[in-house]
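Enquirer: Below are the structure tokens for one structure; questions will follow.
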Amino acid sequence: MLKLQDLTKAYRTDEVETTALNKVNININAGEFVAIMGPSGCGKSTLLNIVGMLDNPTSGAYIFLNEDVAGYPESKLAKIRKENIGFIFQSFNLIDELTVGENIELALLYHDDVSSKERKERVTAAMDKMGIAHRAKHMPSQLSGGQQQRVAIARAVVANPNMILADEPTGNLDSANGEEVMNLLTALNKEGTTIVMVTHSDHHAQYAQRTINLLDGQVVTENLRAAQ
């Protein structure tokens with residue numbers, strides 16, 4: 001599905017250049033569940049932002065579905081992103097003024113080919129899948145952390161993306177809710193969705209088929225989990 005070749009990301013100020021990623025080479029196949037691990041500041045979030053086309057590399061190639069998107073303008077990246085990628089964040093990133101249903105529907109508003117009727121049907125289906133249909137009219141502030149993350153996952157999947165990028169999806173949850181979220185991601189992966197997850201948790205990384213460890217902006221190890 002995607003290939004990073006000698007991918008480098010450097011941030012420059014007037015006096016200092018910081019290399020967040022240094023000649024990273026990673027292949028991720030369609031249908032994989034991959035965990036990205038490493039200490040704080042090692043480049044995990046930078047890597048996820050580039051994979052999600054929210055940021056551009058300084059050099060190197062990013063091949064996504066057989067296209068090198070590394071130098072694409074934002075308008076072209078936005079179209080590819082919209083059609084292929086869903087995002088889940090540690091802090092949920094729900095809009096407080098919108099109901100659960102409206103937060104999920106937001107992900108479809110930029111899809112001109114989806115009618116209002118189909119939007120409602122997709123939102124209902126996503127809520128049913130995440131077990132939050134009974135919360136459709138609630139506001140985020142009325143939900144627990146685990147329920148808010150279920151809404152965020154429903155928003156990520158409502159457009160039927162090929163790939164979901166999850167940045168510390170269990171970071172703000174207790175252990176029970178964290179396990180629920182990991183089980184939901186595993187179920188989505190079994191349905192064919194590619195999952196790329198940044199995590200600090202060795203335990204949650206065990207849900208992935210492969211773990212990629214970063215240190216100082218470089219891939220230091222890759223571990224393939226034995227089939228269960």
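The values are calculated or read from the model by the stated rules, or taken from the named source; none is laboratory data. As the structure is a prediction and not an experimental result, all values here were calculated from the model. For neighbour counting, all protein chains shown are included, and Cβ atoms are generated from backbone atoms with ideal geometry for every residue, glycine included. With ligands, DNA and RNA removed, areas are computed over all heavy atoms of the protein, side chains included. Shrake-Rupley method; radii C 1.70, N 1.55, O 1.52, S 1.80 Å.
Enquirer: At 0.890 mPa s and 25 °C, plugging the Kirkwood radius over alpha-carbon pairs of the range 165-221 into Stokes-Einstein gives what diffusion coefficient in µm²/s? Walk me through the intermediate numbers first.
Expert: On the way: Rh = 12.1 Å.
This corresponds to a translational diffusion coefficient of 203 µm²/s.
Enquirer: Against the empirical 2.2 N^0.38 Å scaling, what ratio does the C-alpha Rg of the range 130-194 come to?
Expert: Ratio of Cα Rg to 2.2 N^0.38 Å: 1.09.
Enquirer: Which whole-Hz couplings ³J(HN,Hα) result when phi for each residue of the range 90-99 is put into the Karplus expression 6.51 cos²θ - 1.76 cosθ + 1.60, θ = phi - 60°, listed in order with x for Gly and Pro?
Expert: With the stated coefficients, the range 90-99 comes to 4, 8, 6, 6, 8, 8, 4, 7, 10, 6 Hz.
Enquirer: Only helical DSSP H runs with n ≥ 4 go in: add -39500 (n - 2.57) per run for the chain, normalise by residue count and round the 222 nm mean residue ellipticity to 500 deg cm²/dmol. Let's see the in-between values first.
Expert: Working: 7 runs with 73 residues, N = 228.
So the helix-based figure for the chain works out to -9500 deg cm²/dmol.
Enquirer: How long, wide and thick is the range 84-129, going by the Cα atoms along their three principal axes, in whole angstroms, largest first?
Expert: Principal extents (Cα only, largest first): 30, 23, 22 Å.
Enquirer: Report the gain in length on full extension from Ser91 to Glu118: 0.36 nm times residue separation, minus Cα-Cα distance, nm rounded to one decimal.
Expert: Gain in length upon complete extension: 6.9 nm.
Enquirer: Another question, if that's okay. Let me see the pair-distance distribution of the range 97-221: every alpha carbon pair, 5 Å bin width, integer percents in order.
Expert: Once binned at 5 Å, the Cα pair distances of the range 97-221 give 2, 10, 20, 21, 19, 13, 8, 5, 2, 0.
Enquirer: Could you work out how far the C-alpha centroid of the range 165-228 sits from that of the range 1-54, in angstrom?
Expert: Taking the Cα centre of each part, the range 165-228 and the range 1-54 sit 16 Å apart.
Enquirer: If you count only protein heavy atoms with a 1.4 Å probe, what accessible area per residue comes out for the chain, rounded to a whole Å²?
Expert: 49 Å²
Enquirer: Here's a follow-up. In the range 120-195, what trypsin sites (Lys or Arg not before Pro) fall in a loop by DSSP, with at most 11 other Cβ atoms inside 10 Å?
Expert: Hits after loop and neighbour filter: Lys137.
Enquirer: Right, next: Sequence gap of 8 or more, or different chains, plus Cα separation below 20 Å: how many lysine pairs satisfy both in the chain?
Expert: 16
Enquirer: With a 10 Å cut-off between alpha carbons and a GNM built on the chain, which of Thr18, Thr193, Thr46 moves the most?
Expert: Of Thr18, Thr193, Thr46, the Gaussian network model singles out Thr18 as fluctuating most.
Enquirer: Helix 116-130 versus the longest principal axis of the chain: what angle, 0 to 90°, nearest 10, using Cα atoms?
Expert: Approximately 80 degrees, to the nearest 10.
Enquirer: Expressed as a whole percentage, what fraction of the accessible surface of the range 103-172 belongs to carbon and sulfur atoms when a 1.4 Å probe is rolled over the protein heavy atoms?
Expert: Whole-percent figure for carbon plus sulfur exposure: 47.
Enquirer: Which label marks the calculated value of volume of the Cα convex hull per residue in Å³, given the options (1) 125; (2) 116; (3) 137?
Expert: From the options (1) 125; (2) 116; (3) 137, the structure gives (3).
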